[in-house]
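Here is the structure we will look at, set down as structure tokens.
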Amino acid sequence: MRALIDQLQAKGKIYKKLVEVQPKELGIRNKIRIFSATDINAYYTTIFMVSQKSRLLMKDVVKFEEIYQKLVSYSGHNYKYKILIIDAPLCSKAAKAFKDAKWKII
């Protein structure tokens, strides 16, 4: 968790509240870490951390959007910002789809 906070602070993001949401609570089985954060301006941000060896493809964009919709219904509010932290290569079409869906990729 500390590594996440340091990485976000390096990008200029400061949060006053950071809560991890377990994937089981959303009814998914993916190996993903999901965080719900509130910044100093009281805007809600969702952070998805994905660690995988294979490339992220277009099907993953659809999968993350479905997980995001489940998170919105679980938490009861929409998020102003969506951040995806990955350490895998990203397909160019998937990168464009993430940008079109207003995801910020780190």
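Some notes on this structure:
- If you bin all the Cα-Cα distances of region 1-43 at 5 Å, starting from zero, the percentages per bin are 5, 20, 26, 21, 15, 11, 2.
- Ignoring lysines fewer than eight residues from LYS17 along the same chain, the ones with Cα atoms less than 17 angstrom from its Cα are LYS80, LYS82.
- Full extension of the chain segment joining LYS102 with TYR44 gains 19.4 nm, where the gain is 0.36 nm per residue of separation less the Cα-Cα distance.
- The 3J(HN,Hα) values that the Karplus relation (6.51, -1.76, 1.60; θ = phi - 60°) gives for region 33-38 are, in residue order, 10, 10, 10, 10, 10, 10 Hz. Gly and Pro appear as x.
Rule-based calculations on the coordinates, nothing more; no lab input. It should be emphasised that the depicted structure is a prediction, and the values quoted were computed from it without experimental measurement.
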